[in-house]
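The values are calculated or read from the model by the stated rules, or taken from the named source; none is laboratory data. The shown structure was predicted, so the numbers you read here are calculated from the model rather than taken from an experiment. Positions of Cβ are backbone-derived with ideal geometry, glycine not excepted, and every protein chain shown enters the neighbour counts.
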Amino acid sequence: MENKMKFEEAMAQLEAAVARLEGGSLGLDDAIAEYERAVGLVKICNERLRDAEQRVRLLTEGADGSVSDMPFGGVNED
């Protein structure tokens with residue numbers, strides 16, 4: 001599985017794997033292999049989300065190291 005896969009691609013493949021598993025037409029060996037593949041895709045998705053969170057945190061961190069809570073897009077949600 002490609003380690004530099006984009007989040008959206010990994011998520012789409014994960015959704016397809018879940019659909020195949022839920023379909024019930026896979027044999028035991030194929031289902032286990034598909035499950036292992038899905039676990040790898042979950043890891044990729046989590047890694048991409050952590051990376052994105054870190055990038056956002058770096059962008060919103062103040063000079064003193066404090067992180068300010070801002071609504072997404074910097075718009076007041078009131």
- For the range 1-47, the count of residues that are of a type in the set (S, T, Y) and surrounded by 11 or more Cβ atoms within 10 Å (Cβ to Cβ) equals 1
- Task: Please find, within the range 16-73, the residue that is modelled with the highest pLDDT out of those that are among the polar types (S, T, N, Q) and closer than 23 Å to K4 by Cβ.
- Result: N46
- Long-range neighbours under 8 Å by Cβ, at least six apart or interchain, first residue in a helix (DSSP H, G or I) and surrounded by 10 or more Cβ atoms within 10 Å (Cβ to Cβ) within the range 48-66, second modelled with pLDDT of 75 or more and of a type outside the set (D, E): R48/K6; R48/F7; R48/A10; L49/F7; A52/F7
